[in-house]
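The values are calculated or read from the model by the stated rules, or taken from the named source; none is laboratory data. Bear in mind that the values here come from a model prediction, so they are computed numbers and not experimental data. Cβ atoms come from the backbone with ideal geometry, glycine included; neighbour counts cover every protein chain shown.
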Amino acid sequence: MSSGRLKNRNAVVTGGAQGIGFAVAQRLLDEGAQVALWDIDVQCLSEAKSQLRGGTAVFTHPVDVTSLEQVEAATAASAQAMGGIDILVNSAGIAGMNAPLAEYPAAEWRKVMDINLLGTFHVNQAVVKHMMARDYGRIVNIASIAGKEGNPNAAAYSASKAGVIALTKSLGKEVAKRNIAVNAITPAAAKTKIFDQMLPEHIEYMLSRIPRGRFVQVEEIAAMVSWLVSEENSFTTGAVFDLSGGRATY
């Protein structure tokens, strides 16, 4: 894929060193963008930069999204390195442990919320300020079908992703008068390293809920994201796009 529709655009992809974030970064590079990868894993960042096609247009920043100070510093560094930030794809997140709510450890709940929801707040807040000053931007927050339907034994993850959806809708309304689009996607599960955090029976449950009978591919997610962050998406904002293989009921 090399349409060139993102030529001269600069993108930040959080969680960009692996999984969905990596696939999105590759798609954006293929379409002409420069990309700053943010990830907490320094080794993965180095490996991702060497593996991505178009590596000279890749910049890397080690970032813990739970730290507002680190997020703000990375925003400034990315903007300086690339000459601005036009696109944000917020993909950093964790699944957390699988357990019934009655047994869920409070510390694990806070960890999931801090990374998935507080981290999304930090990243959106820091980057949208930059976009507002330029009066242009495209933001996509990676939520989950679990945020719409709730998965048993995954209340923390489901609740955090529901929060990401609501945050996206709120921010989309706040900047709707500007040339800034803020949308979310709610994919079904994809086979990435996040599966390592899940019990086998939970993975089987998720698969059983998908009418397509398979997990979504990261390249399919990247294809939808590439349109949402392009200038072609000049109207839609505050919306949620499903990649659930038919699972979503609303």
- Return a yes/no flag: does the range 122-141 have any residue that is polar (S, T, N, Q), more than 19 Å from D39 (Cα to Cα) and not in a helix (DSSP H, G or I). no
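Restricting to the range 228-243, name every residue that is loosely packed, with under 15 Cβ neighbours inside 10 Å and of a type in the set (F, W, Y). Even if it seems obvious, please write down each step before you answer.
Our first condition is that a residue be loosely packed, with under 15 Cβ neighbours inside 10 Å; within the range 228-243, this holds for 231-232, 234-236.
Across the range 228-243, the qualifying residue is only F235.
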- Unique residue being closer than 28 Å to Q26 by Cβ, of a type in the set (S, T, Y) and modelled with pLDDT under 85 when the list is T186, T192, T168: T192
- Query: Which residues, counting only those in the range 50-72, are at pLDDT below 95 and either aromatic (F, W, Y) or crowded, with 16+ Cβ neighbours inside 10 Å (or both)?
  - Reply: G54, A57
- Message: Looking at S170, S144, S160, can you tell me which residue is in contact with a helix residue (DSSP H, G or I) (Cβ under 9 Å, 6 or more places away or on another chain), assigned to a helix (DSSP H, G or I) and either crowded, with 20+ Cβ neighbours inside 10 Å or of a type in the set (S, T, Y) (or both)?
- Response: S160
- Task: State all residues of the range 194-237 that are within 15 Å of the chain's Cα centre (by Cα), within 20 Å of N179 (Cα to Cα) and not β-branched (V, I, T); if no residue qualifies, say none.
- Result: M224, S226, W227, L228
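Does the range 216-228 contain any residue that is of a type in the set (S, T, Y) and over 17 Å from L28 (Cβ atoms)?
Of the residues in the range 216-228, the ones of a type in the set (S, T, Y) are 226.
Next, only the ones that are over 17 Å from L28 (Cβ atoms) stay: none.
So far as the range 216-228 goes, no, none of its residues is of a type in the set (S, T, Y) and over 17 Å from L28 (Cβ atoms).
With E201, E220, E231 as the choices, which residue is at pLDDT 90 or above and either part of a helix (DSSP H, G or I) or touching a helix residue (DSSP H, G or I) at 6+ places or on another chain (Cβ under 6 Å) (or both)?
Numbers: E201 fails: at pLDDT 90 or above; E231 fails: either part of a helix (DSSP H, G or I) or touching a helix residue (DSSP H, G or I) at 6+ places or on another chain (Cβ under 6 Å) (or both).
Result of the check over E201, E220, E231: E220.
Collect the residues in the range 100-113 that are outside any helix (DSSP H, G or I) and exposed (fewer than 14 other Cβ atoms within 10 Å of the Cβ), keeping them in residue-number order.
P100, P105
Table: residues versus (1) free of Cβ contacts under 8 Å to residues at least 60 places away in the same chain; (2) closer than 20 Å to V127 by Cβ.
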position: A188; (1), (2): yes, no
position: I203; (1), (2): yes, no
position: S226; (1), (2): no, yes
position: S230; (1), (2): no, yes
position: A239; (1), (2): no, yes
position: R247; (1), (2): no, no
- Item | Among the residues listed as A176, A184, A223, the single one being more than 20 Å from V164 (Cβ to Cβ) and either crowded, with 21+ Cβ neighbours inside 10 Å or out of contact with any His (no Cβ under 8 Å at 6 or more places or on another chain) (or both) | A223
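Going through the range 147-157 one residue at a time, which ones are in a loop (DSSP other than H, G, I, E, B) and either buried (at least 18 other Cβ atoms within 10 Å of the Cβ) or of a type in the set (D, E, K, R) (or both)?
Step one: filter the range 147-157 for residues in a loop (DSSP other than H, G, I, E, B), giving 150-154.
Selection gives N151, N153, A154.
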- Message: Quick check on my filter: what residues within the range 63-95 are under 19 Å from Q43 (Cα atoms) and within 14 Å of the chain's Cα centre (by Cα)?
- Response: V65, S91, A92, G93, I94
- Note on the structure: Reported set for the range 144-192 where residues are under 20 Å from V229 (Cα atoms), among the polar types (S, T, N, Q) and out of contact with any strand residue (DSSP E or B) (no Cβ under 8 Å at 6 or more places or on another chain) is S170
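Tell me the strands (runs of 3 or more DSSP E) entirely within the range 1-99 that contain at least 3 residues that are over 18 Å from M224 (Cβ atoms) and touching a residue at least 12 places away in the same chain (Cβ under 8 Å).
Numbers: elements: 10-14, 34-39, 58-62, 87-90.
Output list reads 34-39, 58-62.
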